[in-house]
Amino acid sequence: MEIHETQVCTAVIAPLGRIDAFTAPELRAVLDRHVAAGTIRFVLDLAGVAFLDSAGMAVLVTLLKRARTAGGNVRLVWPREEAARRILRLTRFDRVFDMADSTEAALKGF
Amino acid sequence: MSRDPAAQQPVLVRLEIPADHRYLNVVGACATALLGRAPGLKEAEIAHYNIELALQEACANIVDHAYAGQPGRIVIELSYIEASRQLTVDLFDTGRPFDPQMAGEPPLDEPQVHGYGLFLIRSLMDETTYESLPVGNHWRLTKRLT
């Protein structure tokens, strides 16, 4: 008998607080580490993100492109902050990314 | 509209910060604090967030493009007229002139790494104007709050 085993990992990343031009490199470094380790499926839980600027958005889009190129994907959990949700709709991030209401929902069917 | 003469006068706040991402949150916090005492704004949290985001983007553009990593200063003048609920923010820097070629709208149906900054400023503020100065740049962002 031969047994082939494959483990497919999904990284769940939940930043808290502000993601802006100053803090975005810190998030990028964490994501880069996962990409370098071969992770191609990501759930970015933005529920606890109080503020997201275009530098933070650039980090998310860069990850999305890398993940999809490798056959994976990035799903976003909506921020709790209504103002931040409106910005994701304004920039149509809610159409570019698969959105979910919770980490559990995002992980389903991945 | 208020008939109180004091409400017709602009409240002026002037900031000067290093052109460094580390300090940009100071600008939004200042605007939020200023507007936090303005009575009767609808959806105040949304309005504060949007103004904070627009100012963050405007300052980040100055750091990234006008100064392009070089040290510099940003002068920010906030002016709020309570009677008309109008916020005007003037930003001054002494960096390189703005390149209008950067001003295109991002194609939003495709994921973009760059181009959201100006789009957000223009979407969130009522008016955004740019003026090239003999030395540096002047941006004016205006928002009529409801």
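The values are calculated or read from the model by the stated rules, or taken from the named source; none is laboratory data. Note that the coordinates shown come from a computational prediction; the quantities given were computed from them, not determined experimentally. With ideal geometry, Cβ positions are generated from the backbone for all residues, glycine too; neighbour counts draw on all protein chains shown. Side chains are part of the model used for accessible areas, which takes the heavy atoms of the whole protein and leaves out ligands, DNA and RNA. Shrake-Rupley method; radii C 1.70, N 1.55, O 1.52, S 1.80 Å.
To keep it simple, each residue is scored yes or no on (1) open to solvent by 40 Å² or more (accessible area, probe 1.4 Å); (2) closer than 15 Å to B:Thr146 by Cα.
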position: B:Ala6; (1), (2): yes, no
position: B:Pro18; (1), (2): yes, no
position: B:Arg22; (1), (2): yes, no
position: B:Ala33; (1), (2): yes, no
position: B:Gly36; (1), (2): yes, yes
position: B:Lys42; (1), (2): yes, yes
position: B:Ala66; (1), (2): no, no
position: B:Ser84; (1), (2): no, yes
position: B:Thr88; (1), (2): no, yes
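For the range A:95-108, which residues satisfy the criterion of being under 28 Å from A:Gly38 (Cβ atoms) and either hydroxyl-bearing (Ser, Thr, Tyr) or away from chain B (no Cβ under 11 Å) (or both)?
A:Asp98, A:Met99, A:Ala100, A:Ser102, A:Thr103, A:Glu104, A:Ala105, A:Ala106, A:Leu107, A:Lys108
Take the conditions open to solvent by less than 20 Å² (accessible area, probe 1.4 Å) and facing chain B (nearest Cβ under 8 Å) and apply them to A:Ala83. Does it pass?
Yes: the conditions hold for A:Ala83.
Do we find a residue being open to solvent by less than 50 Å² (accessible area, probe 1.4 Å), touching a Ser or Thr at 6+ places or on another chain (Cβ under 6 Å) and either aliphatic (A, V, I, L, M) or modelled with pLDDT under 95 (or both) anywhere in the range A:19-28?
Looking through the range A:19-28, none of the residues is open to solvent by less than 50 Å² (accessible area, probe 1.4 Å), touching a Ser or Thr at 6+ places or on another chain (Cβ under 6 Å) and either aliphatic (A, V, I, L, M) or modelled with pLDDT under 95 (or both).
May I ask you to list pairs of residues, at least six apart or on different chains, whose Cβ atoms are under 7 Å apart, with the first in the range B:52-73 being touching a residue at least 40 places away in the same chain (Cβ under 8 Å) and the second being assigned to a loop (DSSP other than H, G, I, E, B) and of a type in the set (Lys, Arg)?
B:Ala66/B:Arg96
Based on this model, can you work out whether B:Gly40 counts as more than 14 Å from every other protein chain (Cβ to nearest Cβ), touching a Ser or Thr at 6+ places or on another chain (Cβ under 9 Å) and either more than 30 Å from A:Leu63 (Cα to Cα) or among the polar types (S, T, N, Q) (or both)?
no
Can you name every residue in the range A:48-60 that is surrounded by fewer than 22 Cβ atoms within 10 Å (Cβ to Cβ) and either within 8 Å of chain B (Cβ to nearest Cβ) or out of contact with any helix residue (DSSP H, G or I) (no Cβ under 8 Å at 6 or more places or on another chain) (or both)?
A:Gly48, A:Phe51, A:Ala58
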